[in-house]
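Structure first, commentary second.
Just so it is clear, none of the values below were taken in a lab; they were calculated from the coordinates. Here the structure is a predicted model, which is why all the values come from computation and not from measurement. Note that each Cβ is placed from the backbone with ideal geometry, even for glycine, and that neighbours are counted across all protein chains shown.
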Protein chains: 2
Amino acid sequence: MIFPELHLFGDGVPDQQRTEALQEAAQPLDGRLVRELQQLAGDLKVWLVPGSICERGREGQLFNTALALSPEGKLAASYRKIFPWRPHEPYDPGDQFVTVDLDGFGRAGLSICYDAWFPEVSRQLAWMGADVIVNVVKTTTKDRAQELVLARASAITNQIFVVSVNCAGPTGRGHSLIVDPEGGVIDALDDDASGILPAQLDRAHVQKVRSHGTAGLNRMWSQFHSHEAPIELPVYQGRINPSTWDPQNHGQ
Amino acid sequence: MIFPELHLFGDGVPDQQRTEALQEAAQPLDGRLVRELQQLAGDLKVWLVPGSICERGREGQLFNTALALSPEGKLAASYRKIFPWRPHEPYDPGDQFVTVDLDGFGRAGLSICYDAWFPEVSRQLAWMGADVIVNVVKTTTKDRAQELVLARASAITNQIFVVSVNCAGPTGRGHSLIVDPEGGVIDALDDDASGILPAQLDRAHVQKVRSHGTAGLNRMWSQFHSHEAPIELPVYQGRINPSTWDPQNHGQ
């Protein structure tokens, strides 16, 4: 079960008052809120992504942190948003990409709202073996239109599922959607009304698309011959290295 | 004037016979074909991207190479496709990203067809200062549907114009389009009929979107504070470095 970004935290206008309210409400990962969420997931015996929470870091920083609670009631993973929505958000950025293995399904990569505007996030998570990107969102503005395009593009370029869960009106613009590894929309909410999108995602679908190709044609993770030279990417002071490109084969 | 990928070269089924035909037809960049195209651009006094040509390299390799001819009749730039459409294409990959400064407009980044399936290409070109991605295409298959999403996503994430020029039917699937720096479709051909898309693109539009934000909100190239630590991207053995992120400020 996946809920939107900051689902358990209030909205408020992005001003000093909100920041102070968040500072008071912020919780450490070993605090009461997370313990209660763990218990809830354990009682219901479900995987639970309760959106993100406002996390208080060890030095008092604020992070926008997505959680994944396991059916055994454990905090299986937490991810601090790497790209806070600046200048509106008061959060410090995280510095770690996070995936979590969901027994019986596969691997989920965690992503929060504005992260989706940086294709590096889904690329990195897919390379770490994610079968699905779980993007929790609190988009209250008209740029939800662009996010619908970006969700599909991330699915296409990485051949993964993308689940983009936005909060409903009147706060959010809704339009949550689930995209398949070829970029097709499996299901979506067509407006800002609250709703539930039930879906069964099969990781074998990811493998099938990568083996047979998108539209039966394109196998981007199998592009290279192993002897080929790296493609230098000065934008990243890095490169695409043919011998470590395939998520199945880079030994991480 | 921009024409589709391999516009001056025949189609044929991707088999040994086609490869042999291409080997015979391939031209070096200082050969007759390019000279004639230079003369044409000079006579018409236009910037001309005659799609890509089948280039014969110094060691007899074949490259799929986009050209930009200037109104002065010069070969201003050539770009060898970095991501050949494998296994169908017989071309060796290029190893250099290429931009070209068009007097009076701005900077164009050259890209060919399947390059668009790798978001690294448009990211790298935007970082090199491109105001527009010129993607020449010869998509004959149903995955043109995905390419329409990718064209918009590249424009959104990089805040640049994207011009995706596909060949018409019966060979190609058409659906050429021009996208603005917020991902809106400026103009498009709605089917595979041949057609012309006249458009006036203003690089000031790129600067405006980056300054005011996409939808008046998002300024992804201005995300970082200069003292912030790099975001490590193991997929590229590289990183996003806040101090060199902005295309205006990295000194290239």
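Brief remarks follow.
- The phi torsions of region B:50-64, fed into the Karplus equation with coefficients 6.51, -1.76 and 1.60 and a -60° offset, translate into couplings of x, x, 10, 10, 8, 8, 8, x, 4, 9, x, 5, 9, 10, 9 Hz, rounded to whole numbers, with Gly and Pro shown as x.
- Label-point separation in nm, A:Arg58 to A:Val13, each point 7 Å along Cα→Cβ: 3.8
- Long-range amide H partners of B:Arg107 with built H, under 5 Å: B:Leu102, B:Asp131, B:Val132
- Under the Karplus curve 6.51 cos²θ - 1.76 cosθ + 1.60, θ = phi - 60°, whole-Hz ³J(HN,Hα) for region A:28-45, x wherever Gly or Pro sits: x, 5, 9, x, 5, 4, 5, 4, 5, 5, 4, 4, 4, 4, x, 5, 7, 6
- Across all C-alpha atoms in chain A, the radius of gyration and Dmax reach 18.4, 58 Å.
- Qualifying trypsin sites (Lys or Arg not before Pro) in region B:64-128, where qualification requires a DSSP coil assignment and no more than 14 other C-beta atoms within 10 Å, comprise B:Lys74.
- Gained length - A:Gln23 relative to A:Lys142, 0.36 nm times residue gap less alpha-carbon distance: 40.0 nm
- Between identical copies, the spacing of A:Gln248 label points, each set 7 Å from Cα toward the C-beta atom, reads 4.6 nm from nearest to farthest.
- The separation of region A:1-75 from region B:41-113, counted between C-alpha centres, amounts to 51 Å.
- Distant-in-sequence amide contacts of A:Leu233, defined by a placed amide H-H separation under 5 Å and a gap of 5 or more residues or a different chain, comprise A:Gly238, A:Arg239, A:Ile240.
- Computed label-point distance, nm, for sites A:Lys45 and A:Ala204 using a 7 Å Cα→Cβ extension: 2.4
- Neighbourhood net charge (12 Å Cβ-Cβ; Lys/Arg +1, Asp/Glu -1) for B:Leu75: -2
- Here region A:6-126 is described by how far its Cα atoms reach on the three principal axes: 43, 34, 24 Å, from widest to narrowest.
- Under 14 Å from A:Lys74, Cα to Cα: aspartates and glutamates that are on another chain or at least 8 residues apart: A:Asp30, A:Glu36, A:Asp43, A:Asp101, A:Asp103
- Per the rotation superposing chains B and A, the chain B residue found at the smallest beta carbon distance from the axis is B:Gly238, 1, distance in Å.
- Normalised by 2.2 N^0.38 Å, with N the number of residues, the alpha-carbon radius of gyration of region B:78-179 equals 1.02.
- Under the simplified labelling scheme, the B:Leu75-B:Ala193 pair shows an inter-label distance of 3.8 nm, with each label point 7 Å from Cα along Cα→Cβ.
- Note on A:Asp101 and B:Asp95: with the Förster distance fixed at 45 Å, the Cβ-Cβ geometry gives a FRET efficiency of about 0.75.
- Inter-part distance, region B:176-215 to region A:190-252, computed on C-alpha centroids, equals 28 Å.
- Within the protein assembly as shown, the ratio Rg/Rh, alpha carbon atoms throughout and Rh by Kirkwood, equals 0.99.
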